[in-house]
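Input: a single structure, listed below in structure tokens.
The values are calculated or read from the model by the stated rules, or taken from the named source; none is laboratory data. What you see is a predicted model, and the numbers here were worked out from it, not measured in a lab. Counting neighbours? That spans all protein chains shown, and the Cβs are built from the backbone with ideal geometry, glycine included. Just the protein is used for accessible areas: all its heavy atoms, side chains included, with ligands, DNA and RNA removed. Shrake-Rupley method; radii C 1.70, N 1.55, O 1.52, S 1.80 Å.
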Amino acid sequence: MRVESTCANLSNSVLFKRLLALLLLATISPRLRAAEHWIRLTTPHFEMYTTNGERQGTAALKVFEQVRYFFLQNSRSKSAPDAHVRIIAFRSEKEYKPYRLNEGAFAYYLRTRKVDYIVMQDLSPEHYQSAMHEYTHLVVEHLGLNLPVWFNEGLADLYSSLEPRGNQAIVGRPLEGRANILLTQRWLDLNLLFAVTPESPYYNERDKMSIFYAQSWALTHMIALGKTYRPEFPRFLAAVAAGRPAADSFQSVYGKSLVQVTQDLHAYLHQSSVQAALFDVKLSKPDLEPEVVEPPQFNVDLALADLLASQKQTSAAAADRLSRLARDHPESPDVQESLGYLEWQQGEVGKARESFRLATDRGSKDPEMLFHYSQLLRESGAPADQILAVLQHAVTIRPGYPDALFDLGMTAMNTGQWGVALIALSQIKTVTPDRAYAFFSALAYCDLQLKNRNQARSMAEKAKQYAKSPDQVLQTSNMLRHLDALDQNTDVQSDPDLASSTAPHSPMLSADKPSAPGSGNHDLPRDVPSIHWPGNLQHVEAVAKSFECNPKAPRLHVIVNSKEMVFGLDDPKEIVVRNGKSGSFEMHCGPQEPFKIGIFYIPSNPPASVDDRMQGRLDGWVDGMIRELVF
């Protein structure tokens, strides 16, 4: 009996300890599980990883979709960014702290080559405003609007006030915190406001940031929604985005000096009410009801490692995490993709290319990674067939992918695969102005090679409309003359100009680039006659530095992207001058007052090595011989 009693006592003791352990786990584990319980929610345009829970995640994604719809409906092009947007939403400051950018931000936006991030401390409705502010930055970035800091932040604040109301949304609700600052602090002079850069104290120091943000918001609110400013707001936005100073833009668009604008702003803020705008927001069911799953821990770890990799100060920690994930999941293409982007960001291009190769070999389904891989292959001098295979893979996964189709078409054209090029380029629905000349001239040339003369003529005429340089005008003119000769059964080989018509330059393989905004080439007539120079005519935009008046070998020294180039003038009288006085140019000997100049030249054959090149420069070696100057 005593044995049984001892066993019973022992059994009770073990049972007690087990019960005690279970009670402790019941007390601790819910908090741990809650802190680590990630879910993934997806809508057609957003992907969210969050520890906040399904209800809060769904509500937040609805707001994001409404904001995206607002921008979609109110942009001139009726388009919104189609970038992959990943939202990482923590549920507490403690969880958020290892990933935050600075102490004052409840949310922030990061653009990386792999994905666009919006990171939030939590999904409390009071922090939606910070998230909408950051999403506005994303939209501005993807629309390519080169805005000054004050305008960028002012727009972000303005649209952060977007407030859903059923199937509508209101924009322009006053931001109480900003308004109070404007009533209690001394305002910045507008010239100082406009001069703020990302490095300025007013953008980085807490005691100075508040008035900068407040005044930027108020000024943007007035010109976007104020009754007297709103009608011309699109013109003002376009002027500033084109690089015109804000003071000049106010004068030219509104006819107002900065003193008058300041007076209007004071009056605007002291009126009894401010203007707001109400918009219809009609979302489809998939936009409102996200797909919700509990992702594998691997997916969560990879998403957080990618977030760390997007910031320079945490890239070392990201490398450690990704290395561990690569060891634990050696067959995962996703880890290799992430390693590739981290290595690319750190300037280790060779390693990045190898990681992308491994991701591709392991079955990656990411078309953007494949496109980036093709770019790195091109830069490394890889064979065209290898590049074409990667681009074909990308457009198979994402049909209609414009960047990949454009590169695929140009690469195929430059290797004489006319049919492949024509099929790829024909799938591009819209083309940006900077690509228009290359796009239409490539289509024209492929149609010409495939004996589609009518289509070739149509595409050549369109290419001619977008020609910006004399070389581009020359190519399209030659192609149209070639087509005329074919239609008239003229012997093309008897005309050296027609026989020398060549394929249009690919922007990826040629130094010929679109003219910089504001350069003289925009003023050239579209049918300007041009001499057909032999050789590979190239073009640079430069700033004149000095002129050597050597009678036998005059040379022009210029600065191109902070580097000096030297050009020879074998016969100055034979150089074509455009936009100059009377078709001539005058330069005094020695240093020049800096002025912009476009140079079309035939490049010299460089010496074999850097040392030989430097010695060659001493012996009179030049980068090329000038054929045309554009003032």
For the range 168-234, just the Cα atoms, rotate onto the principal axes and tell me the three extents in Å, largest first. 36, 24, 21
In order through the range 131-141: 3J(HN,Hα) via Karplus (6.51 cos²θ - 1.76 cosθ + 1.60), integer Hz, x for Gly, Pro: 5, 5, 4, 5, 5, 4, 4, 4, 4, 4, 4
DSSP-assigned coil residues among trypsin sites (Lys or Arg not before Pro) in the range 121-196, each with at most 10 further Cβ atoms within 10 Å: 186
Scan around residue 84 for amide H atoms under 5 Å from its own, H built in the peptide plane at 1.01 Å from N, and keep only partners 5 or more places away or cross-chain. 116
Long-range amide H contacts for residue 577: which residues qualify at under 5 Å (H placed 1.01 Å from N, peptide plane, sequence gap of 5 or more or a different chain)? 629
Low-density loop cleavage sites - trypsin sites (Lys or Arg not before Pro) in the range 446-493, where at most 12 other Cβ are within 10 Å (DSSP): 451
Per residue solvent-accessible surface (Å²) - the range 229-330, probe of 1.4 Å: 55 Å²
Using the Karplus curve 6.51 cos²θ - 1.76 cosθ + 1.60 with θ = phi - 60°, work out ³J(HN,Hα) for each residue of the range 224-235 in order, rounded to whole Hz, and write x for Gly and Pro. 8, 10, x, 4, 7, 9, 4, x, 9, 4, x, 5
Whole-number percent relative contact order across the range 138-226, with pairs defined as alpha carbons under 8 Å at least 6 apart: 37 percent
Counting Lys +1, Arg +1, Asp -1, Glu -1, what net charge surrounds residue 333 among other residues with beta carbon under 12 Å of its beta carbon? -2
Of all the accessible heavy-atom surface of the range 229-311, with the other protein chains kept in place and a 1.4 Å probe, what percent is carbon and sulfur? 51 percent
Rank 285, 114, 596 by accessible area, highest first, at a 1.4 Å probe radius? 596, 285, 114
Rounded to a whole number, what % of the accessible area of the range 419-481 do carbon and sulfur atoms account for, probe 1.4 Å? 50 percent
Given an 8 Å cut-off on Cα distances and at least 6 residues of separation, report the relative contact order of the range 262-415 as a percent. 12 percent
Estimated vicinal HN-Hα couplings, Hz - the range 57-62 in sequence order (Karplus 6.51, -1.76, 1.60; Gly, Pro = x): x, 5, 4, 5, 5, 4
By accessible area of protein heavy atoms, probe 1.4 Å, what ranking do 206, 357 get, highest first? 206, 357
For a quick check of understanding: with a 1.4 angstrom probe and all protein chains in place, what accessible area in square angstrom does residue 334 have, to the nearest ten? 70 Å²
Too long for a 23 Å Cα-Cα cut-off, among 351/563; 312/351; 62/97; 227/256, are 351/563; 62/97
Local charge sum around residue 387 (other residues, Cβ-Cβ under 15 Å, Lys/Arg +1, Asp/Glu -1)? -1
Quick one: which residues, 5+ away or cross-chain, put their amide H under 5 Å from the amide H of residue 545? H built at 1.01 Å from N. 557, 558, 559
Determine the sum of side-chain charges near residue 262: Lys and Arg each +1, Asp and Glu each -1, restricted to other residues whose C-beta is under 11 angstrom from that of residue 262. -1
Using the heavy atoms of the protein chains alone and a 1.4 angstrom probe, what is the accessible area of the range 122-176 per residue in square angstrom? 37 Å²
Sparse-neighbour loop sites [GluC sites (Glu not before Pro); the range 321-428; at most 11 other C-beta within 10 Å; DSSP]: 331
